[in-house]
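The values are calculated or read from the model by the stated rules, or taken from the named source; none is laboratory data. Keep in mind that what you see is a predicted model, and the values were worked out from it rather than measured. Here the Cβ is made from the backbone with ideal geometry for all residues, glycine too, and neighbour counts use every protein chain on show.
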Amino acid sequence: MKRILMACVTLILLMGVVGCGKNTSTSGEASTKDKEIKVITTAGGYPFNATNPKTNEIEGFIIEIVDELAKKSDVKVQISTGEWNSLIPSLKSGKADVIADAMYITDVRKKQISFTDPVFGFGEGLIVPEGDTKTKSLKDLKGKVIGVQMGTSFKDMLEKENKSLNIEVKTYQTLSDLLKDIQTNRIDAALADAPTFSYFKAKNPDMKYRIVDGYVPSLTGEVGIGVSKDHPELLKEFNKAIQEMKEDGTLKDIYKKWGVEWDFN
């Protein structure tokens with residue numbers, strides 16, 4: 001009887017050791033996963049996010065902001081690219097944890113994903129050929145041809161304005177093709193994200209287009225970093241890091257490096 005009792009005790013102890021071993025392993029896997037976040041971006045264009053043709057690395061001021069947030073939150077970043085329409089579905093399906101792009105914070109989007117506190121804000125910019133010194137607003141472009149990139153909100157906005165302006169909207173697959181046509185007078189004006197026009201003009205001062213100063217944008221918004229609703233703790237950490245970056249000047253330094261401005265005060 002004593003031998004049977006001792007065997008049972010030994011068996012129970014062995015099962016406890018095995019059980020503890022399994023728990024430790026599971027805990028280790030969870031900890032590793034928590035330290036790496038999957039970030040998705042369109043790499044759609046400078047200064048927000050683009051693929052450097054020399055290094056083949058994705059860069060831009062939104063990417064730098066996410067890198068800094070990750071550093072302050074003690075997590076590692078694994079970045080991938082996708083089409084604009086795939087960004088939110090990627091978070092909802094678990095293929096990605098974070099969106100790093102020029103995505104406005106809207107009530108519709110907030111129903112599907114979470115957003116950090118705003119890290120940037122902007123509206124559209126208007127450019128015209130270098131020789132056009134008179135255009136100040138869309139009203140000065142009645143009966144003219146205006147270029148926009150496909151997949152942007154600017155096309156819809158112009159079509160609404162079209163009832164009174166009688167304009168022709170020409171769409172482009174790439175920003176480079178749009179800029180080429182504005183410089184060769186194939187179109188009369190173009191709309192795109194204001195920071196993009198400013199960035200390209202600063203990097204290429206010989207580009208033959210004029211940014212219309214004083215143009216009042218119709219589509220403005222604030223940009224946040226998209227976070228999966230499955231990661232509330234990550235959202236909390238990111239918001240804490242954003243506040244630190246605003247206070248210590250890190251955010252302003254990133255803006256300055258990439259030639260963009262935003263007054264977050």
So I105 fits all but one of (1) more than 24 Å from Y255 (Cβ to Cβ); (2) surrounded by fewer than 21 Cβ atoms within 10 Å (Cβ to Cβ); (3) among the hydrophobic types (A, V, I, L, M, F, W, C); what number is the exception?
(1)
Checking I127, I99, I146 in turn, the sole residue that is in contact with a Gly (Cβ under 6 Å, 6 or more places away or on another chain) and modelled with pLDDT of 95 or more turns out to be I99
Counting residues that are closer than 18 Å to L69 by Cβ, which strands (runs of 3 or more DSSP E) fully inside the stretch 182-265 reach at least 1?
220-223
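Residues are listed down the side, and each one gets a yes or a no for (1) buried (at least 17 other Cβ atoms within 10 Å of the Cβ); (2) within 26 Å of Y104 (Cα to Cα); (3) among the charged types (D, E, K, R); (4) out of contact with any strand residue (DSSP E or B) (no Cβ under 6 Å at 6 or more places or on another chain):
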| position | (1), (2), (3), (4) |
| --- | --- |
| L138 | yes, yes, no, yes |
| I146 | yes, yes, no, no |
| M150 | no, yes, no, no |
| M157 | yes, yes, no, yes |
| N166 | no, no, no, yes |
Going by what's in this entry, would V66 be described as crowded, with 16+ Cβ neighbours inside 10 Å and among the aliphatic types (A, V, I, L, M)?
yes
In the set V216, V223, V227, which member is within 24 Å of D107 (Cβ to Cβ) and either loosely packed, with under 13 Cβ neighbours inside 10 Å or charged (D, E, K, R) (or both)?
V216
Would you mind stating whether V98 is under 19 Å from A70 (Cβ atoms), buried (at least 16 other Cβ atoms within 10 Å of the Cβ) and not acidic (D, E)?
yes
Among the residues of the stretch 188-205 satisfying the criterion of being surrounded by 20 or more Cβ atoms within 10 Å (Cβ to Cβ) and of a type outside the set (G, A, S), which is farthest from the chain's Cα centre (by Cα)?
D188
For the subset of the stretch 32-57 comprising residues that are under 28 Å from E233 (Cα atoms) and surrounded by fewer than 19 Cβ atoms within 10 Å (Cβ to Cβ), which member is modelled with the lowest pLDDT?
T32
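Yes/no per residue for (1) in contact with a strand residue (DSSP E or B) (Cβ under 7 Å, 6 or more places away or on another chain); (2) within 22 Å of G151 (Cα to Cα); (3) of a type in the set (F, W, Y):
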{"position": "A50", "(1), (2), (3)": "yes, yes, no"}
{"position": "P53", "(1), (2), (3)": "no, no, no"}
{"position": "T81", "(1), (2), (3)": "yes, yes, no"}
{"position": "D107", "(1), (2), (3)": "no, yes, no"}
Identify the single condition in (1) buried (at least 19 other Cβ atoms within 10 Å of the Cβ); (2) of a type in the set (D, E, K, R); (3) free of Cβ contacts under 8 Å to residues at least 24 places away in the same chain that E124 does not satisfy, given that it satisfies every other one.
(3)
Filter result for the condition that a residue is of a type outside the set (S, T, N, Q), touching a residue at least 12 places away in the same chain (Cβ under 8 Å) and assigned by TED's automatic domain parsing to the domain that holds I242, over V108, V98
V98
Among the numbered criteria (1) surrounded by 13 or more Cβ atoms within 10 Å (Cβ to Cβ); (2) touching a residue at least 24 places away in the same chain (Cβ under 8 Å), which single criterion is violated by K257?
(1)
